[in-house]
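The structure under discussion appears below in the form of structure tokens.
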Amino acid sequence: LLLDVLLQKLSKEEGDVSAAWLEWANEENAKGEEQIDVGNPPAEAYTNHSVKYDLGNVVNGVLAGLVSITAGCAMVEPWAALVIGCVGGVVYYSVSGIMVKVKVDDPLDAFAVHGASGFWGVIAVGLFATKTNVSNVYGSAFTENGNKYYGAFYGGDGKQFGIQLLVAFVIAVWSFTVSGAAFFALKMLGHLRAPDDKHNFSIDKHEHGAVGYSTTRD
């Protein structure tokens, strides 16, 4: 249990850092800088108040790291948790940008955090799960016919990666199907969207009686 908590924390921190670095790189690109070293941001990126991060992206980077390590926290090593969390932050940030470009209304980045980073976390098990950890959790990392059900990076024969990929796809199809049916039913009943005037006023105020956050800029 303590190891699981440690791995989740490591992955969370890496998701946070990778999302913050990408945010910083985009800020610098927007300023027209000629060359950006994403892997080594200057100290000013953390201390200079003229450099501003989107707090939502940073917090969602934390969540992306946690989501990414959920599937494999009992079967990967600490170094792998760092890698999985870091990649999860990049996956979140990239998919979030794609969602904006294709004009999908997802203001909380729920799909980028839970869908995309979760998909990555599931298939990452097929890469980083160790034979020892899989044996500790499930009793054995082999089947009777000799198949190796652990990570490909640890000498697995790729079967576990294929299983993880298939499961991730099945989960995605199931989620899209069930959600799509529910949203379609709500649309037919006229309950899918709030009135436009309520959107402009404040959907939080309209639905919950309080303002979740201010959109007013100085």
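The values are calculated or read from the model by the stated rules, or taken from the named source; none is laboratory data. No experiment lies behind these values; they were computed from the predicted model shown. Methodologically, a virtual Cβ is constructed for each residue, glycine included, from the backbone with ideal geometry; neighbour enumeration extends over all protein chains shown. Ligands, DNA and RNA are excluded from the accessible area calculation, which covers all protein heavy atoms including side chains. Shrake-Rupley method; radii C 1.70, N 1.55, O 1.52, S 1.80 Å.
How would you rank 77-83, 184-190, highest first, on the average number of other Cβ atoms within 10 Å across their residues? Spell out each step's value before the answer.
Details: 77-83: 18.6, 184-190: 9.9.
Highest to lowest by the protection proxy: 77-83, 184-190.
Among 192-201, 166-175, 89-98, how do they line up by average Cβ neighbours within 10 Å per residue, starting with the highest?
Numbers: 192-201: 10.6, 166-175: 13.4, 89-98: 21.8.
The densest-packed peptide leads the list: 89-98, 166-175, 192-201.
From Cα coordinates alone, what are the radius of gyration and Dmax values for the range 73-212 in angstrom?
Here Rg and the maximum Cα pair distance are 20.3, 64 Å.
For the pair Phe153 and Ser175, how long in nm is the line joining their label points, each one 7 Å along Cα→Cβ?
If labels sit at Phe153 and Ser175, their model points lie 2.2 nm apart.
If I model a spin label as a point 7 Å beyond the Cα along the Cα-Cβ vector, how far apart are those points for Ala194 and Val211 in nm?
1.3
In the range 47-153, which trypsin sites (Lys or Arg not before Pro) are in a loop and have at most 15 other Cβ atoms within 10 Å, using DSSP for the loop call? Write down the numbers at each step before the final one.
Working: sites: Lys52, Lys101, Lys103, Lys131, Lys148; in loops: Lys52, Lys103.
Answer by residue number: Lys52, Lys103.
Accessible area of the range 72-153 with a 1.4 Å probe: how many percent of it is carbon plus sulfur? Each step should come with its number before you reach the end.
Details: 2610 of 4050 Å².
Carbon and sulfur atoms account for 64 percent of the accessible area of the range 72-153.
Highest mean first, what order results for 55-63, 112-120 on Cβ atoms within 10 Å?
Packing order, densest peptide first, comes out as 112-120, 55-63.
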